[in-house]
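The values are calculated or read from the model by the stated rules, or taken from the named source; none is laboratory data. None of the values given here were measured: they were computed from a predicted structure. Neighbour counts are summed over all protein chains in view; Cβ atoms, including those assigned to glycine, are modelled from backbone coordinates with ideal geometry. The accessibility values were calculated without ligands, DNA or RNA, using every heavy atom of the protein model including side chains. Shrake-Rupley method; radii C 1.70, N 1.55, O 1.52, S 1.80 Å.
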Amino acid sequence: MKYSVILIALPLLLAFLSMFIKKGKENLLYLGMLINVMLLFVLEQGTYLIGGFERPFGITLVIDQYSYIAVLLVNLLFFFSIISNYKQIGKHSTVLLTLLAGVNGLVMTGDLFNLFVFLEITTISAYILTTSNKNYVGTFNYIIVSAVGSSLYLLGVIMLYAGYGTLDFRTMTEAISESNMSVMLPMLFIFAGLSVEAKLLPFNGWVKGVFSKANGLVGTMLASIIATAMLFVMGRMLNVLITDSLIMDLALTIGIITLVLGELSAYNSKSIKDVLLYSSIGQSGLVTILMISGLIFPAIIVIINNGIAKLIMFTIADEATKEKDDFKGFFSNHQLMGIAFTVASFSLIGLPLFMGFYAKLNSLIGLFEMNLLLPALLLLVTIVEGAYLIRLNIKLWYLGEEGTATTEIEKASQKPSLSMIVATLVLAASLIAVGLMPEVLGDSITDKSLLNEKQIEYMTDLKGGM
Amino acid sequence: MINLAAIVLMLLGLYALLTTKHIIKMVVGLNVFEVGLNLFVITIGFNKDGIAPILTGSNSIKDFVDPLPQAIVLTAIVIGFGITAVALMVARKIHEQYGTYDINEIGGK
């Protein structure tokens, strides 16, 4: 059965229907979200031809191991983001449904132009979501940068089409590897276009304006769900389509600069949301480095770890800064949220017992085999990361001398929703569970051990499935 | 030749985006950029003396214009329209908030 199509088509249909309903639009959103999560259980790996046209003429949806993990992760993160921030949905049900369709399409499609369409569906939904920040100048910047970026992507795709006469991913890759034509320029355009959404330097000027005032819903949607989908797309591009060595070197340099500057900016930031947004930029850089180095398996764990941790952290950060900007000692009154936040930040740093440890460990093992510079850099950056995240945690847990304990009335007014606490705790528990039993990841991803030589097999799997 | 015209249009749009401080003019610049891109896409499928790609039995495939770029442009135009609509909505909100369309003046506030 072609459940993969329903994952995209159903949210779009419900989004269309929700325009005619005045009250209770959220119910359609919940319905679409739940059906999507249920479909994940019956989703089968394989290639789906849309409309019965044979490759390379038709559009394909590809569910190989790589995109299967991506679809699973994106839909589950969406589910948890909605249930923990359901109070903030407001008028955005329609937009959220189109966003769900967009990210599902992004990670599944096997067609270059189709990817552009889903990119635009996702980003236009994101523009509308960010208007709820009331920081319209930031949103406007985001629109302009992102629109130019995706236009560049389309320009690159159409140049490739002019050269090879196909838009299909796999056919295109085969054609490029067989010919001697230089494809540097279109690949540069494609990479630049995708970098905007993947938050790589120097294309991430929009990030601060959008994130620094984002509420829990918008923050998690952008930092967790869209970021996850875009990093998966970026990884696929860097491993399969972009083969030009010069572009690879350029991308590696950009990844390193993004990682270092992102983490350093996070270290220098005071506001909790600024710290989180710069940390997201740093993680994008790390994933780019890993993907270029061919370390797909560590990169996937980093993406999963980052997606879950950022979801928890952005949700709780919004809750902590809702009443007043001073968030000192917030967790002394909200211990459960504090525990979830601390688990997420420890996992992000990569401390043992948490999932992040295996992300960092696998990355280091992989990188050590190539050269010594990158692992050293990663370790240094991890120290910086640990410093600012632990500093943030201390601030959030302890009132300090000048802080005042909140009164009972204040406590009652800022009572967080039960579903948020449950959702964040479940996610935090999953981080610990994977940290204690890392073989879960290995079983579900490669059916083999976590070690490195299996990646070669996995890579061929990936390419063959495309 | 038309290729070059399309690229000139794109560069004009980029120039406008980079130099103007007026928000509405930036949206116009973005549109010029997208029109240039659409024109470029159309030229990819151009075929001198080409005919519409409908199989009738008497014509050969060689004469056809490539229909795929046209389909792509159709989609791209719709998407560009959507982006323009959202951008204008945001521009209006900026004007409501700051009373001006000038980026320099907004930056001071």
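Heavy atoms only, probe 1.4 angstrom, no DNA, RNA or ligands counted: give me A:Leu12, A:Leu295 ranked by accessible area, highest first. Display every interim value, and only then the final one.
Working: A:Leu12 65, A:Leu295 10 Å².
The ranking, largest first, comes out as A:Leu12, A:Leu295.
I'd like the interface area for chains B and A: accessible area of each alone minus the complex, both sides summed, 1.4 Å probe, protein heavy atoms only. What is it in Å² to the nearest 100?
Numbers: alone 7700 and 18560 Å², together 23750 Å².
In total, chains B and A hide about 2500 Å² from solvent.
Report the relative contact order of the stretch A:226-319, percent, no decimals, based on alpha-carbon pairs under 8 angstrom and at least 6 residues apart. Present the calculation step by step, with values, prior to reporting the outcome.
Values: 88 pairs, mean separation 31.6, N = 94.
This gives 34 percent for the stretch A:226-319.
So what is the relative contact order for the stretch A:3-465, in percent, with contacts set as C-alpha pairs under 8 Å and at least six apart? Please report the intermediate quantities before stating the final value.
Values: 680 pairs, mean separation 67.9, N = 463.
Over the stretch A:3-465, the number comes to 15 percent.
Using alpha-carbon positions, what is the distance between the centroids of the stretch B:73-100 and the stretch A:197-270, in Å?
Result: 25 Å between the Cα centres.
Hey, could you get me the Stokes-Einstein D for the stretch A:1-144, Kirkwood radius over alpha-carbon pairs, 10 °C and 1.306 mPa s, rounded to whole µm² s⁻¹? Don't skip to the answer; put the middle values down first.
Details: Rh = 15.8 Å.
Rounded, D is 100 µm²/s.
Could you order A:Trp397, A:Trp206 by accessible surface area, starting with the largest, using a probe radius of 1.4 Å?
Values: A:Trp397 70, A:Trp206 10 Å².
Reading off the accessible areas and sorting them downward yields A:Trp397, A:Trp206.
Under the rule that an exposed site lies in a DSSP loop and has at most 14 other Cβ atoms within 10 Å, name the longest stretch of chain A with no GluC sites (Glu not before Pro) of that kind, not counting the sites themselves.
Result for the longest clean stretch: A:55-322.
Roll a 1.4 Å probe over the protein heavy atoms and report the accessible area of A:Thr60 in Å², nearest 10.
Accessible surface of A:Thr60 is approximately 0 Å².
For the pair B:Lys93/A:Leu361, report the inter-label distance in nm, with labels modelled 7 Å from Cα in the Cβ direction.
My value for the distance between the label points is 4.5 nm.
Does the stretch A:246-353 come out rounded, prolate or oblate by the C-alpha gyration tensor, with a ≥ b ≥ c the root eigenvalues, rounded set by a/c under 1.5 and, if not, prolate when a/b is larger than b/c and oblate if not?
On the way: a/c = 3.25, a/b = 1.86, b/c = 1.74.
Note, shape of the stretch A:246-353 comes out prolate.
Just how far, in whole angstrom, is the stretch A:49-126 from the stretch A:292-319 if you go by their alpha carbon centroids?
When both Cα centres are located, 18 Å separates them.
Give the calculated FRET efficiency between B:Ile24 and B:Val78 to the nearest 0.05, with a Förster radius of 30 Å applied to their Cβ-Cβ distance.
Details: r = 22 Å, r/R0 = 0.72.
FRET efficiency, B:Ile24 to B:Val78: 0.90.
Give me the distance in nm between label points sitting 7 Å out from Cα along the Cα-to-Cβ direction at A:Met437 and A:Tyr30, one decimal.
Simple spin-label model gives 3.1 nm for this pair.
How far apart, in nm, are the 7 Å Cα→Cβ label points at A:Ser419 and A:Phe16?
Label at A:Ser419, label at A:Phe16, 2.7 nm between them.
Using a 1.4 Å probe and counting only protein heavy atoms, arrange B:Arg92, A:Arg236, A:Arg55, A:Arg170 so the residue with the most accessible area comes first. Could you put the intermediate results ahead of the total?
On the way: B:Arg92 145, A:Arg236 15, A:Arg55 50, A:Arg170 80 Å².
Largest accessible area first, the list is B:Arg92, A:Arg170, A:Arg55, A:Arg236.
For chain B, what size does the Cα cloud have along each of its three principal axes, sorted from largest down, in whole Å?
68, 25, 12
Round to the nearest 10 and report in Å² the accessible area of B:Asp49, as given by a 1.4 Å probe over the protein chains' heavy atoms.
Around 130 Å² of this residue is reachable by solvent.
Let me have the relative contact order for the stretch A:1-160, percent, based on Cα pairs under 8 Å that are six or more residues apart. The partial results should precede the final answer.
Numbers: 169 pairs, mean separation 38.7, N = 160.
Here the relative contact order equals 24 percent.
Set the bar at 31 Å for Cα to Cα. Now go through A:Lys23/A:Lys415; A:Lys87/A:Lys273; A:Lys310/A:Lys415; A:Lys23/A:Lys328; A:Lys213/A:Lys395; A:Lys25/A:Lys273 and name every pair that lies beyond it.
Numbers: A:Lys23/A:Lys415 26 Å; A:Lys87/A:Lys273 20 Å; A:Lys310/A:Lys415 22 Å; A:Lys23/A:Lys328 39 Å; A:Lys213/A:Lys395 20 Å; A:Lys25/A:Lys273 29 Å.
Pairs exceeding 31 Å: A:Lys23/A:Lys328.
Hey, what D do you get for chain A in µm²/s if you plug the Kirkwood alpha-carbon radius into Stokes-Einstein at 10 °C and 1.306 mPa s?
Here the translational diffusion coefficient equals 71 µm²/s.
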